[in-house]
Each structure stands twice: as structure tokens, then as C-alpha cells.
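Remarks on the structure that follows.
Only the coordinates and a few stated rules stand behind these numbers; no lab work does. Source: prediction; values computed, not measured. Reconstructed Cβ throughout: ideal geometry from the backbone, glycine too, with neighbour counts over all protein chains shown.
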Amino acid sequence: MYVQEENSVYLSISDISKTFQQDKNPPLSVFHDINIAIQQGEFVSLLGPSGCGKSTLLSIIAGLSRPSTGKILLENKAITAPGPDKSMVFQESALFPWMTVNENVTFPLRKKMNKKERAQSAASYLKMVHLSKFADHYPHELSGGMQQRVSIARALAMNAKLLLMDEPFGALDEQTRIILQEELERIWLETEKTIIFVTHSIREAIKLSDRVIIMGARPGTVISDFKVDLPRPRLQQDMAELEEEVLKILKVEIDKVMKEELQYAGSD
């Protein structure tokens, strides 16, 4: 179990709960009593069964939605809305199809940089994700993996200290996924960003993260917080034992979800 020192907390998630009000049905509790403390520069992954609230929690951290209870502090300031201190990468690249790669990367910078500064920033981050030669291409001319690289470059160009990633490699084939995992790890080591990464892949979480936080079945809560104390780059044989340990915990939670689904189906 990972224990966070109070004086090193960068992002503080305290007693967060989220409930959705439904017109004709009882309120739906997505998660409750979430408490997580994260150091600056940490790479933290969120794991858990479908429906436990991982993406909803990430959305609240981003300031895109509000918690029902609790608070989140980033550098001791409450998060209440999106802002330049946070950037987000989604599962789908969410690029503007009518804009070139360069235009997509510079779009968030248009109000805080002049044209020359935007060009320099885009060139720097496109080089970081190995897409310098594709600056004038349009999204439809790129592979799925290349489109996600553009999304990462756009998020990095905002120069936010906190990078939020919601299953960014989930829709990619295995080979591309492995390549982008390695790219992301390299970029993280270079930029020292604080990253919160949602994934369903145990192996991906362990390969990339300093810590793996496991959320239980809905209503989700933190049931385990593992420190991944393995040298980088991580080899499969080194990760196997921890993968097995995480899988045992997750299997209990997934079984709960399956049992609930069977009970619901039986009631129809």
C-alpha cells in the first residue's frame, strides 16, 4: 500500500462522491468516498471494472463536471472548471478534420501566443511525437496511432502541469499501442508532467505507472493503491508477479459486476 506524505501533495482528492439524479429511477451512485493524494511528477493509473467511475472521476479532475460531494485541490486551489493548468487526451483523438496537424496543435494556443510562438511550440511538440513531417497533413491522412500522437502533442503544447488521459490507446491495435506506450513513457520522463491515466489494461498500467489505483465495482471506491517499484524500461518478466496480484483483486470486483448483471437480467 502506498502512503503519501502530506507535505508533498500536488493533487488532493478528498471525499469525492458522484450521484446522478434520474427522473423516474432512484439516484445512481457512481462512486463515493474517493480519497487520493498525488505528488507532482507522478504517473498514476486508474484501474477498475466498467462502470466504477474512472472516466467520471477524470472528468471531475479536469473541471468538466462537478462532484456531488467532496473537493479536489490542485496546488491547494479548488478545481471548479477547466483551465490551462489541466489538459486532457481522450480515447478518440477528437481532432478537427478540416484543420491540418499543425493547426490542430496550435488551436488551443491562439489566445495566448502570437503566430510565431504558436509555430515554434507546434514544431517542438510535433518533433517530440515524431510527426514533424506530417505537420501539413489532415487527420484523415493519418493512421489511428498517428492521430493520437497529434492529440498528445496538442495536450502537451498547452504546457499544463497536469495531463489527464482517458484510455488514450484503447482503440488501437496491440502493436501500435505498445509503440505509443513507449513514446508516452519517454515524453513523461522528458517533460516531468503529472499524469493521471485511465485504462482497462493491467499490463499497460504497470508498465507505465508509478502507482496503480484500483477502484471497486459501482458505487466505486479506492480498494487498493499499489506502488510500482520496478526499474524502467519495464520487462514483462519483471511485471508478471504484480500483474497477478492486481488481477486477483480486480477479478473479485468484476465478478460482482457480472453477478449484478445476471440478477438484473433475471428480473426482466
Practice item. Determine the calculated [θ] at 222 nm for the chain from helices alone, applying -39500 (n - 2.57) to every DSSP H run no shorter than 4 residues and normalising by the residue count; nearest 500 deg cm²/dmol. Key: -12000 deg cm²/dmol
Check your understanding: In whole Å, what are the Cα extents of the range 134-211 along the three principal axes, biggest one first?
Key -> 37, 29, 18
Check your understanding: When the chain is fully extended, how far beyond the present Cα-Cα distance does Q120 get from L64, taking 0.36 nm per residue of separation?
Key -> 17.2 nm
Point to revise | S50 paired with K256, simple spin-label distance in nm, labels 7 Å along Cα-to-beta-carbon | key: 1.8
Study note, to complete from the structure: Each label sits 7 Å from Cα toward the beta-carbon; between D23 and T191 the label points are separated, in nm, by 4.2
Point to revise | Residues in the range 154-178 reached by a label modelled at K77 [backbone nitrogen below 14 Å; 7 Å Cα→Cβ] | key: 160-162
Exercise for review: Could you work out how far helix 144-157 tilts from the main Cα principal axis of the chain, as a 0 to 90 degree angle to the nearest 10?
Suggested key: 80
Practice item. Restricting things to alpha carbons, tell me how big the chain is in terms of Rg and Dmax, in Å. Key: 19.2, 63
**Study point:** Estimated Rh, the range 96-158: Kirkwood, alpha-carbon pairs, angstrom
**Key:** 11.2
Exercise for review: Give the Rg/Rh ratio for the range 167-208, taking Rg as the radius of gyration of the Cα atoms and Rh as the Kirkwood radius, to two decimals.
Suggested key: 0.94
Check your understanding: Roughly how many Å is it from the Cα centre of the range 88-138 to that of the range 155-228, as a whole number?
Key -> 22
Revision key, fill the gap. The Rg/Rh figure for the range 25-147, Cα atoms and Kirkwood Rh, to two decimals is 1.03
